[in-house]
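Okay, structure first, notes after.
Just so it is clear, none of the values below were taken in a lab; they were calculated from the coordinates. Just so you know, these numbers come straight off a predicted model, no measurement behind them. We place every Cβ from the backbone using ideal geometry, glycine too, and count neighbours over all the protein chains shown.
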Amino acid sequence: MNTDMIREALDRQADRVPETQRVRRVLAARAAQYARRRRRRQVIAAAMVTAAVPLLWGLVRYQPAGRATSAATTVAVPQRTIPLRYRPAWLPPGVHEATDAMTIAPGASGLSVKRSYTRGTDDPDYVGVPSMTISVFVGDDRLLGVRQQGVSPEPISVNGIPGTYQKGPDDQVMTWLPDSSVTIMLREAGLGLDRTTLLRIARSVMPDAGSRVMPLAVGWWPGHLAEGRAVVSASGQPGVAKIEAGTVSVTVGSDVDRHVPGGGQPLTVGGHPARWVTVAQGDLPLTYLVVVLRPRHLLVVAVNNGFGESTVIGQRDSIRIAESVVIDETWPDWTTNG
Amino acid sequence: MRLEPLLRYATVVTCDAHLAEDVVQDVLIRAQGRWRRIGALDAPERYVQRMIVNEFLSWRRRRATRSSVPLDPAALGRIAPSGEVPNGGLTSGNSAERQVDDREYLLRLIASLPPRQRAVIALRYYEDLSDGQIAELLNCRPTTVRSQACRALATLRRAMPDPRAFPVSGGTS
């Protein structure tokens, strides 16, 4: 007997994995139950807020943005801004900012912001597109910035602040903590920047008090989903805005269907021409609802039904999501590119 | 991210298929709400695995129930009852049966370890993680991992006495 026996015993235990399909079914039921419980809590919270609003009204004034447009209804878009927090004062020639993203999950313990940079025109939010990102993790989320891939970190100094440098097979990352509640992670993949250049960018990172306005709101999500992240294009880039909730993303803007396959089932959504595309990627069904809002402005509801496989979101839910979308008509990219 | 590898991981770490199912479901439901954030990490699967370990340990704290290891019916009649130490493993049956029974008995011993020790054993000998990696997962120091492993192996060694069994310095740091 030796440690090999332990390994054999644990291998035997691994063979007792519960039946996946059954777990998947139970998971769907539990996810729905969880969503119901969460809705009940929201109702109770809403009742408490209703009681508190008259007291707070004199102190806090809610400021909706301008007019809004929707495939189905027209309501005011609650103004949501992305605080940019930090920016690099120096970038290599040809590298420009493409998008800014923010965690918007309700109840998130912290708040993270990710600014993405690239050389070309491809969306750096997509896997495999050469990019550089500056992520700022705040509060309890700051440990999310710590890498876990088992590569030994090399110590670096970013303007006197100790940090780490890690180079993996596909990317390189510098991480440092400018103060006790913030972690900054600078990641480069595929842009061909060397360590010295990356360190120069890191040392140029400085606080940024600016913000970006999110011109998009989604009025309805399936019960088990909660908004997780908002993304909006950087200044001077083709206007794109996206909100993600779990496995679903809603994107509005020009030139947003580059990653959507052609064809599909023709539909009409909220009076607009649309198409429904289903793609089998391995055993992960991906679906896209593409709605033509204006000649150059599209709305895409993309669903990845693979993760967790708990609840499948079909055409009906996708249409309902699309019909609940409202867009701030004062969004400059909306008015100039339409 | 696929469901089956997560279930398999949890089944080994918890040493309890039913508990593993509960833990994985809870973790996935929570992870789904913030998947975009987790998915943006370089190793999201490691993050979810960490959630599973944490959920298992907290689950154990909340429920404070004893888990059981399902045993093959054929093995049930042959393994030593709880508290009874077999003489160098098992004494009946042919060699292959003995190996199976030894594994079953050992599995039951592992399942009876305190949760943290159980997780250390699973992560060290099934996942082949170093003590440093386990410490990161369990949010403790590598020395703590080594002491947990040491205690676990000592318990197993007492229950299955063999001078060659379970060297204490089996892990890496």
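Some observations on this one:
- Sorting A:24, A:296 from the fewest to the most surrounding beta carbons within 10 angstrom yields A:296, A:24.
- Think of the stretch A:179-251 as having a plus end and a minus end, set by charges on the Cβ of Lys, Arg, Asp and Glu; of A:222, A:207, A:189, A:189 sits farthest toward the positive end of this dipole.
- ³J(HN,Hα) computed for each position of the stretch A:18-30 - Karplus, 6.51 cos²θ - 1.76 cosθ + 1.60, integer Hz, glycine/proline x: x, 5, 4, 4, 5, 4, 4, 5, 5, 4, 4, 5, 5
- By the count of other C-beta atoms within 10 Å, a proxy for reagent exposure, A:319, A:134, A:161 are ordered fewest to most as A:161, A:319, A:134.
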